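A short write-up of the structure that comes next.
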Amino acid sequence: MRIASPAVYGFALVLLAVGCREMLTGFEENRCSMTYMFEYPEYRRVALPRRVARMYPAYGLYLYGEGLYAQETRALKLAGAPVLFLPGNAGSFKQARSLGSVALRKAESMEGGLHFNVFTVDFNEELVALYGGSLLRQTHFLHESIKAILRLYKHLKSPPQSVVVVGHSMGGVVARALYTLPRFNPSLVSLIITQASPHLAPVLSFDPYLLDFYSAVRHRWVNQANKLRNITVVSIGGGYRDYQVRSGLTSLPCSSKDPNKLSLVATAVPRTWVSTDHLSIVWCKELVLATVRAFFDLIDPETRQFTDKPEERRSVLAHHFIRNPVRTLGEAQDQSIFPADSPEAWSEVNTLRLAYSTPKDGQAKYFLFALPSRRKAYSHFYCRSSDLEMSSWVYGCTQKNGSSCVRAVDLSLGTELLPPYKVLTLTLSDLSAVTHLLVSASNLSGKQFAVECEWQRRESQARTLPVTHVLSLGLTASDATIASSGLLHTIRLQHFHQVYQAFRITVLSQCKAQKDRLPSVYVMHVPWFREDSLTTASAPSLTEISGMLHTSRPDNSSDVLLQLHTAPNCFYRVSVRTSLPRVLGQVLRFHGATVPVYTAVTLLLACGGQLSSILQSGRAAAVSHAVAKGWQPHKISLAVFILHFLLSCSWFRQLWSLLHLPAIDALPPTTPDLTLADGAAPPEVWHHVLSPLLYVFGAAVAYWGSAFLRVAVRVFSLTLAPLSRPSVSRDCGALRPRTQLLFILGLAAMAGTFCSAVAMFATFLLHLNRVLRLQMTERSLSHMLNLAPQKHKEAENGRAACDSSWRSKECNGAPLLSERTLLNVRDDLQLHLCLSALFTLPLMLLTPSLVHWSRNLRFCHQLDPDPCWPHIVPLMSVYMLLINCNTSTLGSSKLLPLASRLPLPLAIAMVTFCPLHLYRITHLLLASLAPLALCALL
């Protein structure tokens with residue numbers, strides 16, 4: 001057992017470390033370009049009404065500026081379009097400089113003097129993702145800030161009526177929370193763009209205020225969707241580089257039928273195509289440029305303010321964030337007339353493929369492809385050009401004169417922009433009125449580019465490749481070979497639709513001849529969520545693609561597609577293999593927040609094992625042994641599975657509701673479906689498979705965490721030993737009853753006056769003093785017995801009468817220094833080490849509120865609201881009473897059998913009710929430790 005437990009938990013810790021490493025570092029390098037300020041940025045504070053300034057002393061509103069613009073706006077006489085930036089969790093208001101600087105530089109190149117006034121809010125860098133008590137306060141201050149911004153434009157003839165809001169992280173959630181305020185006018189904000197904002201659910205739920213805030217926002221946007229239909233919201237996720245807020249959580253909990261609500265990942269944004277981490281999404285130049293371009297296209301030329309037409313907003317945002325056809329926005333798709341006096345510029349292509357490179361000298365060049373002879377044999381026409389200029393380039397000829405086309409309709413609107421070239425795929429069945437296809441390859445400016453086109457039979461260029469099972473552990477692979485010379489191939493990855501699946505997809509390209517070719521582009525297309533990712537590779541090459549998902553498939557839609565924009569005359573081999581490290585990374589990315597629950601379950605069962613050992617033998621088991629036996633998935637998982645099964649029965653659900661029990665927490669949602677977001681849908685089958693794995697991770701954290709605690713106690717006790725007087729009593733570090741009462745009253749007053757977390761930390765330090773004193777006493781007794789073993793043996797033989805009453809500290813007035821005394825101290829030390837490990841869990845849950853209180857101490861000495869008040873008082877009282885407990889007192893208590901049986905049902909309750917409500921762990925720990933405190937008291 002001594003060897004097996006460290007080996008098992010060591011292996012579990014290795015798996016956990018591999019998963020964490022994959023989640024934190026297993027992604028592409030940061031390919032975002034940095035945004036730079038050409039002049040020193042300035043932040044001019046905007047004066048708010050005195051009432052607002054008194055109510056929110058920690059917050060502020062600023063106007064961004066730099067250089068000459070900052071000097072011109074010093075008096076706050078503004079004439080631009082207002083944009084408001086909201087920082088997120090622990091975010092600074094100075095993060096607005098990337099958006100403000102890029103918008104300012106682009107405005108300098110625009111005609112007509114169009115520009116933006118970028119404002120930013122200072123939220124004092126509060127930890128609102130972990131402490132939800134200030135979210136409503138931030139929302140009210142945001143409302144006041146918007147009204148203050150609009151008042152700055154009253155001197156204009158046509159002042160703006162609304163403000164565009166850009167929110168990062170929790171700032172985006174606060175922006176959507178504006179519409180929950182009873183006095184908020186929805187017309188004040190008609191467009192919200194959020195960056196890496198967890199709209200679907202909070203990342204961690206450390207207090208009930210955070211969940212209540214999310215519930216109110218979701219209720220408003222879902223149940224009153226018709227009233228907010230004209231509000232346009234764009235939510236952008238960062239991709240796999242953002243390990244703080246996974247992109248699945250950035251999905252808007254709105255109906256998919258609402259066209260004004262867009263959810264996407266940065267990797268799918270045209271001209272961006274990069275994954276960003278949680279902070280770089282603010283300054284990523286590619287994404288900032290896409291946002292600023294959309295802002296300028298949203299300006300109404302008559303009012304010089306943002307348009308108030310939802311259809312126009314939707315069209316502009318779709319152009320810049322969903323599909324960029326490489327055309328000027330708003331360009332009409334009309335009949336085009338071509339010159340007929342230059343027959344040398346026209347060429348009719350009779351082959352199946354065209355490969356053309358423009359010469360250095362500028363010339364007009366047009367290629368014609370006859371349709372009637374190709375309609376029966378082919379289904380599509382594919383063409384790509386490395387000329388990325390915003391212009392029309394493919395037409396459908398409707399009137400032909402000899403070898404040239406006189407009149408044609410523009411077909412370029414369906415163009416898709418890829419990093420190295422633009423591509424267009426036409427369905428021949430939709431071109432019944434067209435006789436020829438016309439491809440313009442003119443380079444009148446002398447710029448060289450390449451054009452490649454071909455006729456395609458889609459059925460012959462589409463393959464189905466079943467992915468390997470997740471339990472194959474990478475030992476097997478699924479391969480597909482593409483031997484044809486087509487330019488576009490599609491591979492359907494069959495059975496790839498769950499987030500726990502993760503694959504290493506390798507594409508090997510080999511070419512017959514070495515020559516210059518356009519790069520290959522591999523597109524991972526996900527039909528149910530805009531999370532497409534692109535990989536560019538040269539040919540020949542060996543390229544690896546990460547096959548992972550941000551969301552699970554919500555329905556029976558099609559599988560993931562791998563589109564290969566290939567080079568001609570090349571051989572491609574696609575291999576799919578399960579990656580165990582990436583599978584573990586996906587498990588932690590989606591469900592890592594539940595590991596603390598299973599850690600608490602393991603420690604709670606370890607405490608129950610300690611009590612059972614005391615009840616049976618009067619001895620406390622070693623902490624390592626107790627924690628090792630705390631992993632009992634057969635008891636926990638089976639009970640939870642039975643409970644879920646019973647809840648599928650209507651009679652049991654009715655009984656559950658009659659008892660007013662809360663809803664069961666399933667694992668966090670993996671799809672953007674509303675029912676899963678509300679936690680009302682039953683868990684999927686694979687959730688029950690993942691629970692034992694998460695239990696293993698939580699048990700490993702508990703085992704090695706308790707081992708670290710034991711080592712830390714030994715090290716600290718060695719450091720403090722010279723400063724304290726040696727003791728041989730098991731009551732060292734204990735408190736008198738009167739002292740305990742004074743501490744309880746004083747700490748309760750501290751919790752009510754300042755912050756509950758401060759009082760809780762003080763209680764933990766008092767208990768830690770008890771543990772350190774026991775450790776020093778155990779070391780002193782061990783040294784004494786080792787130095788005088790013979791004398792100690794004679795003393796024991798001469799006082800055999802004292803053995804029958806070994807709990808007494810003295811025999812005939814003389815202190816008894818024996819192995820029994822040492823065993824008593826060791827038992828007490830093992831018991832209190834187990835309790836200390838259990839006590840660290842509430843401290844971790846209280847840390848965010850403590851940090852928030854310390855940061856706002858100069859504005860207010862009391863934490864308001866305090867998520868732990870008033871239930872912190874009985875919790876501290878229990879901890880104070882447990883300071884004096886020992887194994888002898890507990891062993892003689894009649895309440896010990898009850899206290900030893902409570903941890904198991906309460907551990908089942910933790911797994912049932914705490915995965916989405918972490919703060920409930922403290923309540924269940926209190927329910928388990930209160931009877932134990934009574935055992936020590938009675």
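Is region 479-486 home to any residue that is in contact (Cβ under 8 Å) with a residue 40 or more places away in the chain, exposed (fewer than 15 other Cβ atoms within 10 Å of the Cβ) and assigned to a loop (DSSP other than H, G, I, E, B)? Within region 479-486, one or more residues are in contact (Cβ under 8 Å) with a residue 40 or more places away in the chain, exposed (fewer than 15 other Cβ atoms within 10 Å of the Cβ) and assigned to a loop (DSSP other than H, G, I, E, B).
May I ask you to verify whether LEU104 is assigned to a helix (DSSP H, G or I) and of a type in the set (A, V, I, L, M, F, W, C)? Here the answer is yes, as LEU104 does meet what is asked. The set of residues in region 380-409 being charged (D, E, K, R), surrounded by fewer than 19 Cβ atoms within 10 Å (Cβ to Cβ) and under 43 Å from the mean Cα position of the chain (by Cα) consists of GLU389 alone. Annotation: LEU875 fulfils all but one of (1) farther than 30 Å from MET776 by Cβ; (2) buried (at least 19 other Cβ atoms within 10 Å of the Cβ); the unmet one is (1). Criterion first (crowded, with 19+ Cβ neighbours inside 10 Å, aliphatic (A, V, I, L, M) and not in a helix (DSSP H, G or I)) does LEU929 satisfy it? No: the conditions fail for LEU929. Filtering region 177-204 to residues that are under 18 Å from the mean Cα position of the chain (by Cα), open to solvent by 10 Å² or more (accessible area, probe 1.4 Å) and over 22 Å from PRO310 (Cα atoms) leaves ALA201, PRO202, VAL203, LEU204. Select from region 100-135 the residues that are out of contact with any Ser or Thr (no Cβ under 9 Å at 6 or more places or on another chain) and open to solvent by 50 Å² or more (accessible area, probe 1.4 Å) and list them in ascending order. Passing the criteria: ARG105, LYS106, GLU108, SER109, MET110, GLU111, GLY112, HIS115.
Can you name every residue in region 420-458 that is part of a helix (DSSP H, G or I) and open to solvent by 30 Å² or more (accessible area, probe 1.4 Å)? Scanning region 420-458 gives SER429, ASP430, ARG458. Listed by first and then second residue, the pairs with beta-carbon distance under 7 Å, at least 6 apart or on different chains, first residue in region 730-748 and under 19 Å from VAL771 (Cβ atoms), second among the polar types (S, T, N, Q), are ARG730/ASN824; ARG730/ASN886; CYS732/THR777; GLY733/ASN769; ALA734/ASN884; LEU735/ASN884; LEU747/THR763. On the stretch given as region 219-247, residues that are in a loop (DSSP other than H, G, I, E, B) and among the small types (Gly, Ala, Ser) total 3. Which ones in region 542-566 are surrounded by 22 or more Cβ atoms within 10 Å (Cβ to Cβ) and small (Gly, Ala, Ser)? Within region 542-566, GLY547, SER552 meet the criteria. Scanning region 516-536 for residues that are farther than 14 Å from TRP273 by Cβ and of a type outside the set (Phe, Trp, Tyr) turns up ASP516, ARG517, LEU518, SER520, VAL526, PRO527.
Just one of the listed residues (VAL174, VAL217, VAL222) is open to solvent by 10 Å² or more (accessible area, probe 1.4 Å), more than 24 Å from HIS319 (Cα to Cα), β-branched (Val, Ile, Thr) and outside the structural domain of MET844 (by the TED database), and it is VAL222. Checked against the criterion of being in a helix (DSSP H, G or I), within 22 Å of the chain's Cα centre (by Cα) and in the same structural domain as ASP300 (by the TED database), the candidates LEU150, LEU142, LEU135 yield just one match: LEU135. State whether the residues of region 567-577 include one that is under 27 Å from the mean Cα position of the chain (by Cα) and open to solvent by 10 Å² or more (accessible area, probe 1.4 Å). Among the residues of region 567-577, at least one is under 27 Å from the mean Cα position of the chain (by Cα) and open to solvent by 10 Å² or more (accessible area, probe 1.4 Å), which makes the answer yes. Within region 168-187, residues that are of a type in the set (D, E, K, R) sit with their Cβ atoms under 8 Å from residues that are open to solvent by 10 Å² or more (accessible area, probe 1.4 Å), at 6+ positions apart or across chains, in these pairs: ARG183/HIS143. Checking every residue in region 860-869 against the condition of being buried (at least 20 other Cβ atoms within 10 Å of the Cβ), of a type in the set (A, V, I, L, M) and in a helix (DSSP H, G or I) gives zero matches. Being without any contact (Cβ under 8 Å) to a residue 12 or more places away in the chain and of a type in the set (Asp, Glu) is the filter; apply it to region 99-149 and report the residue that is farthest from SER205 (Cα to Cα). Within region 99-149, the match that is farthest from SER205 (Cα to Cα) is GLU111. Listed by position, the helices (runs of 4 or more DSSP H) enclosed by region 726-798 that each have at least 3 residues that are modelled with pLDDT of 90 or more are 737-753, 756-787.
A residue that is open to solvent by 10 Å² or more (accessible area, probe 1.4 Å) and closer than 28 Å to LEU135 by Cα cannot be found anywhere in region 886-894. For region 20-39, filtering for residues that are among the basic types (Lys, Arg) and either assigned to a helix (DSSP H, G or I) or over 16 Å from VAL274 (Cβ atoms) (or both) leaves 1.
When the test is whether a residue is assigned to a helix (DSSP H, G or I), buried (at least 18 other Cβ atoms within 10 Å of the Cβ), of a type in the set (S, T, N, Q) and assigned by the TED database to the domain that holds LYS154, THR291 passes it. When GLY133 is tested against (1) in contact with a strand residue (DSSP E or B) (Cβ under 8 Å, 6 or more places away or on another chain); (2) under 23 Å from TYR209 (Cβ atoms), only condition (1) is not met. Got at least one residue in region 822-833 being under 28 Å from the mean Cα position of the chain (by Cα) and in contact (Cβ under 8 Å) with a residue 12 or more places away in the chain? For region 822-833, residues under 28 Å from the mean Cα position of the chain (by Cα) and in contact (Cβ under 8 Å) with a residue 12 or more places away in the chain: absent.
Per the listing LEU676, LEU667, LEU638, the residue uniquely outside the structural domain of LEU904 (by the TED database), modelled with pLDDT under 90 and open to solvent by 40 Å² or more (accessible area, probe 1.4 Å) is LEU676.
Counting only strands (runs of 3 or more DSSP E) that sit completely within region 41-87, those holding 3 or more residues that are open to solvent by 10 Å² or more (accessible area, probe 1.4 Å) correspond to 41-45. For region 398-419, give me the residue count where each residue is touching a residue at least 24 places away in the same chain (Cβ under 8 Å), under 15 Å from TRP346 (Cα atoms) and in a strand (DSSP E or B). The total comes to 7.
Of all residues in region 66-77, those satisfying the criterion of being of a type outside the set (Lys, Arg) and either at pLDDT 95 or above or out of contact with any helix residue (DSSP H, G or I) (no Cβ under 9 Å at 6 or more places or on another chain) (or both) are LEU68, ALA70, GLN71, GLU72, THR73, ALA75, LEU76. From the list SER247, SER275, SER256, SER280, the one residue that fits, being open to solvent by 20 Å² or more (accessible area, probe 1.4 Å), in the same structural domain as GLU111 (by the TED database) and small (Gly, Ala, Ser), is SER256.
Among the residues of region 878-902, those that are assigned to a helix (DSSP H, G or I) and farther than 19 Å from ARG619 by Cα comprise VAL878, TYR879, MET880, LEU881.
The values are calculated or read from the model by the stated rules, or taken from the named source; none is laboratory data. Predicted, not measured: the structure shown is a model, and the values here were computed from it. Positions of Cβ are backbone-derived with ideal geometry, glycine not excepted, and every protein chain shown enters the neighbour counts. Note: areas computed on protein heavy atoms with side chains; ligands, DNA, RNA excluded. Shrake-Rupley method; radii C 1.70, N 1.55, O 1.52, S 1.80 Å.
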